[in-house]
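Values quoted throughout were computed directly from the atomic coordinates according to the rules given, and no laboratory measurement underlies them. No experiment lies behind these values; they were computed from the predicted model shown. Neighbour counts are summed over all protein chains in view; Cβ atoms, including those assigned to glycine, are modelled from backbone coordinates with ideal geometry.
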Amino acid sequence: MWEDLIPPGSRVLCAVSGGADSMCLLHMLSRREDISLMAAHFNHQLRGEEADRDEQFVRSWCEEYAIPFHLGSQDVRAEAQRRRMGIEETARALRYGFLSQLAIKVKADRIATAHNAGDNAETVLMHLLRGSGLQGLTGIEPVRWKYVRPLLTTSRKEIEAYLIQHGVPHVEDSSNADDTYTRNRVRHQLIPLLEEMNPGFVRRLSSAIPRLRSDNDCLNDLARQIFRQAGRRGEDLVIPIAAVTQAPVPVASRAVRMLLAEAAEGDWDCSAAHIDSVLALCGAASPSAQASLPHRLTARREYGLLTLTHDLPPQPLEAIPLQEGVNPVPGLPWTVILHSPPWPGLVVRARSPGDRLTLSNGHTRTLKKLFIDQKAPRWRRDLIPVVADGQGVIAVAGLGSNLSHPCRGQVRIIDHRKGEDMHDEHER
């Protein structure tokens, strides 16, 4: 197990608080002659003299055993206020930020932390209390990026026995006795109660976690197969709706989580509500709809495609009077050609309720129905140029002329993307 996590030749940065768990881990690693070991201590500046005591204790022990020592320090309480986050959450973010940056600086290929079986059980219970799904019930990952947790299946009793056997000292963090912290209440109240009701609870949970993780990994692998069907359209991330809707919900929800993380460039800690909103969008009866998400991200359903974009919905095309000759439509790939002097009320504009077009077969249909037939997403329909006057629609980009309008022959619409005249598209 140890050699799988920390193979010979590794450069290991061990996170050391000075407590029993981390001192046990540091001593174990110091006995290995086939690795290069360094120690890192982070002073959170939360406990005054006691925090300084812990720092000096770890520094002195490392000096005695000739282990390179690295220190990080920051005022967690002040930073938590600045970030408007909780103390625990801020402390963890700053500590892991320090360790990650330091590992890169000292070229460590492993960061060893001393999470034990009890920590893992606490984490699972806290996730369960918050209503977590299977992902949260898999506990602390044994390996993530450079982080490894060699003591994850080791109990606190085994750690304490090791310290006694080898005469390894440690310091106690007084905040560990403060039950205002949720984790401490779980540790001091909930787990002892569960152990009393079911002796060996932590040990059994520790053995169940790898099985839960295996199930979760299987579902994630299936979700990655869906995720790989996504592609880029410019800056947008797109995927066929069917790829999501045809998958079982446990797989589809994981695929959506991966898509959101990719669209947000990894800066995403999405909630179940965000995932559910995207799944609902994919399964909705409306073929064209959208949902607003955090990080200025928008999920759009465009008939058979799900699009994740940071672009804001475009403003509808404003009415523009036409002149004889060439009339480029600002910001859009169309140009209106007017073959005669303009007459009162003649404009190019966005669609309007009640707009209708008479086709070559004599049937008259609303633009709304024609756009639906073309599978034009709802948010794009307001960007399709409509040439009209007081008598109604004369021509529509992509649809052609209104055969019932007497002035239809005076207007042509050119699509620059196709390099063609869109004057009588519906007659072709």
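Against the chain, whose longest principal axis comes from its Cα atoms, helix 117-129 is set at around 40 degrees. When only alpha carbons are used to place a centre, segment 59-78 and segment 289-308 end up 47 Å from one another.
About its Cα centre, what dipole magnitude does segment 1-109 give when the only charges are +1 on Lys and Arg Cβ and -1 on Asp and Glu Cβ, stated in debye to the nearest 20?
On the way: 14 positive and 17 negative charges, 95 e Å.
Using only the charged Cβ atoms, the result is roughly 460 debye.
Against the chain, whose longest principal axis comes from its Cα atoms, helix 87-105 is set at around 90 degrees.
Remark: segment 178-194, residue by residue, has Karplus-estimated 3J(HN,Hα) of 8, 7, 6, 7, 4, 4, 5, 5, 5, 5, 8, 10, 6, 5, x, 5, 5 Hz, where x stands for each Gly or Pro and the curve is 6.51 cos²θ - 1.76 cosθ + 1.60 at θ = phi - 60°.
Would you mind classifying the chain by shape? Square roots of the alpha carbon gyration tensor eigenvalues, ordered a ≥ b ≥ c; an a/c under 1.5 is rounded, otherwise it is prolate if a/b is larger than b/c and oblate if not. It is prolate, given that a/c is not under 1.5 and a/b is the larger ratio.
When you restrict to C-alpha pairs under 8 Å that are six or more residues apart and normalise by the size of segment 205-364, the relative contact order lands at 15 percent.
Extension gain, Glu50 to Asn361: 0.36 nm times the residue separation minus the Cα-Cα distance gives 103.2 nm. Rank Thr113, Thr153, Thr180 by mean-square fluctuation in a GNM of the chain with C-alpha springs under 10 angstrom and give only the top-ranked residue. Per the Cα network of the chain with a 10 Å cutoff, Thr180 tops the list. Ranking Ala350, Gly400, His310 by how far each Cα lies toward the positive end of the dipole of segment 283-428 (charges on Cβ) leaves His310 at the top.
Whole-Hz Karplus values for segment 380-390 come out as 8, 5, 6, 9, 8, x, 10, 8, 8, 9, x Hz, taken residue by residue from phi with 6.51 cos²θ - 1.76 cosθ + 1.60 and θ = phi - 60°; glycine and proline positions read x. If you take all other residues with their beta carbon under 13 Å from the beta carbon of Lys146, and give Lys and Arg +1 and Asp and Glu -1, the sum is +4. How would segment 76-175 be classified by its alpha-carbon gyration tensor: rounded, prolate or oblate, with rounded meaning a/c under 1.5 and the a/b versus b/c comparison settling the rest? Because its axes are fairly even, with a/c under 1.5, segment 76-175 counts as rounded. Computed from the C-beta positions of Arg77 and Asp215 and an R0 of 51 Å, the FRET efficiency is 0.80 to the nearest 0.05. Amide H contacts of Glu302: Thr307, each under 5 Å away and 5 or more positions distant or on a separate chain (H built 1.01 Å from N in the peptide plane; Pro and chain starts excluded). A simple count of charges around Ser22, restricted to other residues whose Cβ falls under 11 Å of its Cβ and scoring Lys, Arg +1 and Asp, Glu -1, yields -3.
Taking Cβ atoms as reference points and 9 Å as the exclusive limit, the residues near Gln135 contribute a net charge of +2, counting Lys and Arg as +1 and Asp and Glu as -1. Backbone amide hydrogens, once placed in the peptide plane, bring Asn43 within less than 5 Å of Gly72, Ser73, Gln74, excluding anything fewer than 5 places away on its chain.
Note on Lys368, Lys107: ascending count of other Cβ atoms within 10 Å places them as Lys107, Lys368, the fewest first. Rounded to the nearest 20 debye, the dipole size of the chain about its Cα centre is 1300 debye, using +1 on the Cβ of Lys and Arg and -1 on the Cβ of Asp and Glu.
Only Cα pairs under 8 Å and at least 6 apart count here; give the relative contact order of the chain as a rounded whole percent.
Computed over the chain, the figure is 9 percent.
In the chain, taking the dipole from charged Cβ atoms about the Cα centre, the farthest positive-side position among Tyr147, Met28, Val58 is held by Tyr147.
Fewest neighbouring Cβ atoms within 10 Å first, the residues Ser288, Ser401 line up as Ser288, Ser401.
About its Cα centre, segment 145-242 has a charge dipole of approximately 440 debye under the convention of +1 per Lys or Arg Cβ and -1 per Asp or Glu Cβ, with nothing else charged. Ordered by the count of other Cβ atoms within 10 Å of each Cβ, fewest first, Trp343, Trp379 give Trp343, Trp379.
Counting only aspartates and glutamates at least 8 places from Lys375 when in the same chain, those with an alpha carbon closer than 15 Å to its own are Glu302.
Phi angles of segment 280-286 translate, via the Karplus equation with coefficients 6.51, -1.76, 1.60 and θ = phi - 60°, into HN-Hα couplings of 5, 4, 5, x, 6, 6, 5 Hz per residue; Gly and Pro are given as x. The angle between the Cα long axis of helix 249-263 and the longest principal axis of the Cα atoms of the chain comes to about 80 degrees, rounded to the nearest 10.
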